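The block underneath contains the structure these notes are about, expressed in structure tokens.
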Amino acid sequence: MDISSDKKLALKQILSWEAAASTNPASKQFLTLGGYAGTGKTTLIAILRKVIFQQNPKIKVAFAAFTGKATRVLKNYLKENDVLYKGDSVGTIHSLIYSLIENENHEIMGWKRKEEIKADLIIIDEASMVDQKIWLDLLSYDVPILAVGDHGQLPPVSGQFNLMENPEIKLEEIHRQVADNPIIKLSIEARKHGQIKIGNYGQGVRKLSKNDPESQEIIENYLQQYNQDTLILCGYNNTRIKLNNYLRTLLGYESPLPQAGDRVICLRNRQQYAIFNGMLGTLQTINSKDDNFYEVKIMFDDDDQIFEGLAVKKQFGSSTAMNFGKETRALTMHGELFDFAYALTVHKAQGSQASRVILFEERFKQMSDLDWRRWLYTAVTRAEDELIILGD
């Protein structure tokens, strides 16, 4: 594996910390490693695992990520590089630290925190997604944790906690193998300058002017090609609602009410059901229970996981999440919060990526320049192959 000078230094620092953390209970339990898109964070994780094995073959490592998709990507990379060893595990953070509660009919009633984790080291990928509750649960096992994430991204959706706000080790040198990738180039412009100029940057990577009459027609053509490999991103909730309505019309939905086949997003964490803010899925079945709730079955993309339960009716098409407020508390105690997910705000799309991203640039007046750069960088780095931006 190719390793640059900054990764060599980072590797040395991590190994020094790991050696101390595994032998001295008084040592710092966790270490944070930040890396921008294209800096080779996953490469460093693989190299680290190989070196640790060479130094001590008995060490067991638990690899984990917030989403099922990120977990699969990490597992495939580790397998390809032959650095998964006996006793290692790769899974979601949730599956690592929580276990199922089932009734006598083997129906899932909830989840509970496991009493122990059989690992000598935990390596968390995509750690910028981890909120405070999950982080405190991870720390409770007294196992050394290396948290790896992108410190250029927005913080987690819920609360003020931001594990990757100022990581102790930073990778900021772009890997030469991806330096010419147009999406990586635009991510650098977004992160450094908060501005991407109008123009074509490569096949399927372009920015259109919202003031150009032709741009509207071009964007409509892209929207008409919508499929599950597309993420449509914006800033304002009002824009999100309009786009969701428009796309549902394009797809043949005649009713504004949710239907089987609709794309949906989870709007809050409910650990007892293993569903988390930002998880995307597809409605398998939906039936009206009463004036307040739907009975739904949702297949989530990340884990091939099915949620069966109640969904709050008023949340669909609402401009705000009903997490707070006395008038909605009774509803949210009994039902879960889902909304249409054809278009998402960038904040809600943090844990997602797609082959094609269509981005409507929208900046809130109260946004600082730093917040805007993080917003734009997070949006750009959701794209894997194609990126179409509409803005100034």
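The values are calculated or read from the model by the stated rules, or taken from the named source; none is laboratory data. Keep in mind the model is a prediction, meaning the values are calculated, not measured. Using ideal geometry, Cβ is built from the backbone for each residue, glycine included, and neighbour counts are taken over all protein chains shown. All accessible areas refer to the heavy atoms of the entire protein, side chains included, with ligands and DNA or RNA removed. Shrake-Rupley method; radii C 1.70, N 1.55, O 1.52, S 1.80 Å.
Would you mind checking which residues have amide H under 5 Å from Phe293's amide H? H placed 1.01 Å from N; only 5 or more apart, or other chain.
The answer is Lys313.
With +1 on each Lys and Arg Cβ and -1 on each Asp and Glu Cβ, and nothing else charged, work out how big the dipole of segment 31-181 is about its Cα centre, in Debye to the nearest 20.
The dipole magnitude comes to about 420 debye.
What are the ³J(HN,Hα) couplings of segment 213-229, residue after residue, when phi is run through the Karplus curve with 6.51, -1.76, 1.60 and θ = phi - 60°? Round to Hz, x for glycine and proline.
Ordered by residue, 3J(HN,Hα) equals x, 6, 4, 4, 5, 5, 5, 4, 4, 5, 4, 5, 9, 3, 8, 5, 8 Hz.
Run through segment 340-392 and list the trypsin sites (Lys or Arg not before Pro) located in a DSSP loop whose Cβ has at most 16 other Cβ atoms within 10 Å.
Answer in residue order: Arg363, Lys365.
Once you've got the GNM for the chain with C-alpha springs shorter than 10 Å, pick whichever of Asn200, Asn24, Asn244 has the biggest mean-square fluctuation.
Comparing Asn200, Asn24, Asn244 in the GNM, the peak value goes to Asn24.
Given a 1.4 angstrom probe, I'd like the percentage of the accessible area of the chain that is carbon and sulfur, rounded to a whole number.
Carbon and sulfur atoms account for 47 percent of the accessible area of the chain.
Apply the Karplus parameterisation 6.51 cos²θ - 1.76 cosθ + 1.60, with θ equal to phi minus 60°, to every residue of segment 66-78 and state each ³J(HN,Hα) to the nearest whole Hz, in sequence, with x for glycine and proline.
Couplings: 5, 10, x, 5, 4, 5, 5, 4, 5, 4, 4, 5, 5 Hz.
Rounded to the nearest 0.05, what FRET efficiency is calculated for Lys289 and Leu250 with R0 set to 41 Å and r the Cβ-Cβ distance?
Efficiency for this residue pair is about 0.90.
Using a ≥ b ≥ c from the Cα gyration tensor of segment 1-108 (square roots of the eigenvalues), is it rounded, prolate or oblate, where a/c under 1.5 gives rounded and otherwise the larger of a/b and b/c decides, a/b for prolate?
The shape class here is prolate.
Evaluate E = 1/(1 + (r/R0)^6) for Lys210 and Gln259, where r is the Cβ-Cβ distance and R0 equals 41 Å; express this FRET efficiency to the nearest 0.05.
Between Lys210 and Gln259 the formula returns 0.85.
Taking the Cα-to-Cβ direction at Ile306 and at Val178 and moving 7 Å from each Cα, how far apart do the two end points lie in nm?
Here the answer is 3.6 nm between the modelled labels.
Restricting to Cα pairs below 8 Å that are 6+ residues apart, what does the relative contact order work out to for the chain? Please round to a whole percent.
18 percent
Evaluate the distance, in nm, between pseudo-label points positioned 7 Å from the Cα of Ser5 and of Glu115 along their respective Cα→Cβ axes.
With each label point 7 Å from Cα toward Cβ, the separation is 5.2 nm.
If you take every residue apart from Leu48 with its C-beta less than 13 Å away from the C-beta of Leu48, what net charge results, scoring Lys and Arg +1 and Asp and Glu -1?
Residues near Leu48 contribute +3 overall.
Of Lys185/Lys207; Lys133/Lys297; Lys242/Lys348; Lys7/Lys41; Lys8/Lys170, which ones are farther than 19 Å apart at the Cα?
Where the Cα-Cα span goes over 19 Å, the pairs concerned are Lys133/Lys297.
Within the chain, which is the longest segment containing none of the chymotrypsin sites (Phe, Trp or Tyr not before Pro) that sit in a DSSP loop and have at most 11 other Cβ atoms within 10 Å?
1-323
Full extension from Arg363 to Ser27: what is 0.36 nm times the residue separation minus their Cα-Cα distance, to one decimal in nm?
Extra length from Arg363 to Ser27 when fully extended: 116.7 nm.
Amide H to amide H, which residues 5 or more places from Ile389 or on other chains are under 5 Å from it, using H placed in the peptide plane?
Here the answer is Arg206, Lys207, Leu208, Leu359, since their amide H atoms fall under 5 Å of that of Ile389.
Using a 10 angstrom cutoff on alpha carbons, build the Gaussian network for the chain and name the most mobile of Gly68, Gly335, Gly235.
Gly335
Which FRET efficiency, nearest 0.05, do Asn81 and Ile218 yield, Cβ-Cβ r, R0 56 Å?
Computed FRET efficiency for Asn81 and Ile218 comes out at 0.85.
What is the distance, in nm, between label points placed 7 Å from the Cα along the Cα-to-Cβ direction at Gln132 and at Asn103?
In this crude spin-label approximation the distance works out to 3.5 nm.
Where in the chain is the longest stretch that carries no GluC sites (Glu not before Pro) classed as loop by DSSP and with at most 11 other Cβ atoms within 10 Å?
Longest run free of exposed loop sites: 255-392.
Where does the chain land at 222 nm, in deg cm²/dmol rounded to the nearest 500, when only DSSP H runs of n ≥ 4 count, each adding -39500 (n - 2.57), divided by all residues?
Calculated at 222 nm, the ellipticity per residue is -9500 deg cm²/dmol.
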